[in-house]
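Take a look at the structure set out below.
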Amino acid sequence: MPILQPQDEEAVRQRFESELTGDVKMTLVTHNPIGGLMIPGRDCPSCPTTQDLIGEVVALSSKIELEIVDFYRESEIANSLGVDKIPAVIVHNSDDSAAKFYGLPSGFEFPVLLDAIVAASTQISGLSEAALAALAKVTEDVHIQVFVTPT
């Protein structure tokens, strides 16, 4: 059963057709139990839904490539991506910048995911010139985290 409603799917498809200019790579770090076997402590209730949703989004544009990494079976890759929990969705652009989303990107997070895909494709951040100038003065690496709740 699809997650996106037909009208939402069409709106996303149209947005991608009009706004995506370059290719985008997305990485989904998830857990796919072998044969349905669940090991205690390795459950991820939102992983299947996240994988379905991301699959539906990726199918809406030939400019988006999806890589799926199993958090437990491919832990070296997950570690190299800086992923420490699942599900994780990483949107990469061509200069190796990335936006990382933890959890199921639904509700208010879904449009932000779409914005990240468009920004990665166009390499346009949407920041003002003043903000870009201020950021250019930052000389150390910065780790920014934004936490969102449904309420």
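Bear in mind these aren't lab numbers, they're just calculated from the coordinates by the rules spelled out. Everything numeric here is computed off the predicted structure, so don't read it as measured data. Note that we place each Cβ from the backbone using ideal geometry, even for glycine, and neighbour counts take in every protein chain shown.
Data for the structure
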{"item": "Number of the exception - Gly55 against (1) without any contact (Cβ under 8 Å) to a residue 12 or more places away in the chain; (2) in a loop (DSSP other than H, G, I, E, B); (3) within 18 Å of Ile3 (Cα to Cα)", "result": "(2)"}
{"item": "Criterion (polar (S, T, N, Q) and either closer than 18 Å to Glu9 by Cβ or assigned to a strand (DSSP E or B) (or both)) met by exactly one of Ser125, Ser121, Ser61, Ser94", "result": "Ser61"}
{"item": "Residue in the stretch 14-21 that is under 18 Å from the mean Cα position of the chain (by Cα), surrounded by 14 or more Cβ atoms within 10 Å (Cβ to Cβ), of a type in the set (D, E, K, R) and in a helix (DSSP H, G or I) present", "result": "yes"}
{"item": "Extreme residue, nearest to the chain's Cα centre (by Cα), among residues of the stretch 2-13 that are in a helix (DSSP H, G or I) and hydrophobic (A, V, I, L, M, F, W, C)", "result": "Val12"}
{"item": "Residue count, the stretch 128-151 (criterion: surrounded by 10 or more Cβ atoms within 10 Å (Cβ to Cβ) and in a helix (DSSP H, G or I))", "result": "5"}
{"item": "Residues being within 19 Å of Asp43 (Cα to Cα) and in contact (Cβ under 8 Å) with a residue 40 or more places away in the chain - total across the stretch 60-85", "result": "7"}
